[in-house]
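I have placed the structure first, in the form of structure tokens, so that the comments after it can refer back to it.
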Amino acid sequence: MPVGIFRVCLVVITAIVNHPLLFPKENGTVPENTEEIIQKMKEREESLRLEQLRLEQEIADQEATQKALEKAAEVVEESKEEKVRWDMWTALSMVIFLLIELWRQDFQEGNWQDTGGEEDDMAVLGKAFKGVTFPDKAVLAGFYEKRILGTTGDMARMREMVEGFADDLLEALRSVCNRDADMEVEDCMGVGSMYENWRVRKPFVCDLIVPFAPPEPYCFRSQTWCSADSFPPDEQGYGTIKVCRADEDVTGCICDKTKLGEDMLCLLHSQANATRPSSEMEDLLCFKNTQYLDADQVMKWFQIAVTKAWNRISHKYEFDLSFSLLDSPGALKIKFRSGKSIAFNLTPVVQYENSDVYFISHFPRRGLAADLPSSTHWFLTFAVYERRFIQLVSKTLPANACHVSCLQILSFLHGKQCSLTGPSGLTNYHLKTVMLHLLQARPSQDWAPEKLEARLQDMLKFLEKCLHEKKLYHFFIGNGKVPAELGFPIIFQGAEPLNLFRPFVLHRDVYRKTVDTFHEMLRNMSALINEYTVHIPLAHTNGIHKESL
């Protein structure tokens, strides 16, 4: 039985293994399918090759585009660098051109030969003093005692005489003026070198300022260059004065700007206070068709008023009074029957607010004093504060301090040199400004009388430095160190410093003449001083120690 079952299973297995569907024969469909597969593989291979070529082409195109972009960026960068280099060369060329143009102007003016000399002389004071014999203390003391000290008494007598006459003249002026229509004149004040005791050159001239105010109900409203932006740089130091009614608002009422109806009335201004006609403002010495005070009109009125006042009191005096200078309308001269004469300046001024700063109508012509921009522009004078500052500082200095002596000697030397070689751009006011700066900068003990020589040299050094830089700043304007005791207006302390040597920048010929005169004065200093110095024994001279430069 088992053997039979085994045989049956063997037959079944044999039948399954030999079934044609499971294992096809070699001569069946296999060869046909193989060729078809090979053909498809070739087609696939060809398509892959084409795709590879396409991808390689795209990659090549992308690389070419990237290289083109990189090259374009390099070109742009190079063009930027080239532009920067070109701008630099353009700027450098402009600078060279300007330097050549400046040199050409000097050449045309004939100054090119002196350029090197100027640099040598102006760079350091020591070079300017080479070959110059500076007088020692003994010579300076002898010169001061003989030539300058004796003039103090003459100045005191002249001041007393002029002040007395001026008070009498102004009192007569008030009596001839119409109190309801004319300006109100106040008492005069003495300012300048005669009242600061350092005037040395004759003829002595007293400077008096006379404040005045408008009649009621008018008042003055002033505006300075440092309180508004409407003043250009060449008008620094000036201001304007507006004539207004005392009850008028500073900004002006709307009734002056808007045409009210016939049935409407301004509650602030009546019809009597309506817009003032031009003739009324001119009667108030204003510039035509404006409310601004006219300096020329003021001087004409003042001259006429002084003439009327003198006619009223002339019978009391045994001398004549006349106006002496055309370019200084306030210059008066007293002529005695003996032929002698006394000159003084009587100049009307307007007070700035409640201070001792004044708007002055005219300055006596001097040096580089620039013409006023217009007759409605008034220059500010700080002469009262300058005198007060000198008096205040003098209280802290040693007895017989040499500050005034230095200024007197320097003023004398400069005046003598100008009489020999002609006027220069330097004025006595510039010299006084130098002294004021040094008074503030140096300790009090440095102004002892025995240090006269050293302090005089300091003033010369400071002056030469200012000439070299073309900068000498006004002592008060922009000076935050002004003593509080003076009560000086803060608005001027906070202002931009005012350069008194600014005209030298605009007038190169005058600057050259000023520098030449200064150096000539240094070379002639000993000769000028010895001319007015008494003989001093040699032993006495050698016994005094001389301070070095």
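The values are calculated or read from the model by the stated rules, or taken from the named source; none is laboratory data. Keep in mind that this is a model prediction, so the values were computed, not measured. Cβ atoms come from the backbone with ideal geometry, glycine included; neighbour counts cover every protein chain shown. Ligands, DNA and RNA are stripped out before the accessible areas are found, and what is left, the full protein with its side chains, is counted by its heavy atoms. Shrake-Rupley method; radii C 1.70, N 1.55, O 1.52, S 1.80 Å.
For the pair Lys335 and Asn354, how long in nm is the line joining their label points, each one 7 Å along Cα→Cβ?
The modelled label-to-label distance comes out at 4.7 nm.
Listed highest first by mean packing, meaning other Cβ atoms within 10 Å per residue, what order do 150-157, 330-337 come in?
Descending packing order for the listed peptides: 330-337, 150-157.
With θ set to phi - 60°, apply the Karplus curve 6.51 cos²θ - 1.76 cosθ + 1.60 along the range 502-517 and write out the HN-Hα couplings as whole Hz, x wherever there is a Gly or Pro.
Along the range 502-517, the couplings run 4, x, 5, 5, 8, 10, 5, 5, 5, 4, 4, 5, 5, 5, 4, 5 Hz.
Nearest 20 debye, what's the magnitude of the dipole of the range 438-518 about its Cα centre given +1 on Lys and Arg Cβ and -1 on Asp and Glu Cβ?
280 debye
How long are the three semi-axes of the equivalent ellipsoid of the range 312-459, in whole Å, if each is the root of 5 times an eigenvalue of the C-alpha gyration tensor, listed from largest down?
32, 21, 18
Need the full-extension length gain, Ser419 to Gln223, defined as separation in residues times 0.36 nm minus the C-alpha distance. One decimal, nm.
Contour length minus the Cα-Cα distance gives 66.6 nm.
Need one number: nm distance between label points at Glu63 and Arg523, each 7 Å from Cα along Cα→Cβ, rounded to one decimal.
Between Glu63 and Arg523, the label points sit 8.5 nm apart.
For Lys316 paired with Glu216, estimate the spin-label separation in nm (one decimal), with each label point 7 Å from Cα along the Cα-to-Cβ line.
The two pseudo-label positions are separated by 2.7 nm.
Calculate the dipole size of the range 427-481 relative to its Cα centre from +1 charges on Lys and Arg beta carbons and -1 charges on Asp and Glu beta carbons; express the result in debye to the nearest 20.
Dipole about the Cα centre, nearest 20: 220 debye.
Taking R0 as 41 Å, what's the FRET efficiency between Asp516 and Arg179 from their Cβ-Cβ distance, rounded to 0.05?
E(calc), rounded to 0.05, equals 0.15.
Pairs Lys202/Lys340; Lys395/Lys471; Lys432/Lys461; Lys202/Lys470; Lys471/Lys513: which exceed 18 Å Cα-Cα?
Lys395/Lys471; Lys202/Lys470
Can you tell me what the convex hull of the Cα atoms of the range 420-491 projects to on average, as an area in nm²?
6.7 nm²
Amide H to amide H, which residues 5 or more places from Glu184 or on other chains are under 5 Å from it, using H placed in the peptide plane?
Amide H neighbours of Glu184, under 5 Å, 5+ apart: Ala213.
Counting only Cα, what are the radius of gyration and maximum Cα-Cα distance Dmax of the range 162-216, in Å?
When restricted to Cα atoms, the range 162-216 yields Rg and Dmax of 14.0, 44 Å.
For Val357, enumerate residues with amide H under 5 Å from its amide H, sequence gap 5+ or separate chain, H modeled in the peptide plane.
Residues meeting the criterion, in which the H sits 1.01 Å from N, are Tyr352.
Amide H of Ala495 versus every other amide H placed in the peptide plane: which residues, excluding those fewer than 5 positions away on the same chain, fall under 5 Å?
Amide H neighbours of Ala495: Gly478.
Within the range 495-517, whose backbone N sits under 17 Å from a point 7 Å along Cα→Cβ of Lys471?
495-506
Give me the percent of the accessible area of the range 379-474 that comes from carbon and sulfur atoms, probe 1.4 Å, all protein chains in place.
Here it works out to 54 percent.
Set the Förster radius R0 to 45 Å, insert the Cβ-Cβ distance between Lys71 and Glu43 as r into 1/(1 + (r/R0)^6), and round the FRET efficiency to 0.05.
Efficiency, from the Cβ-Cβ distance: 0.60.
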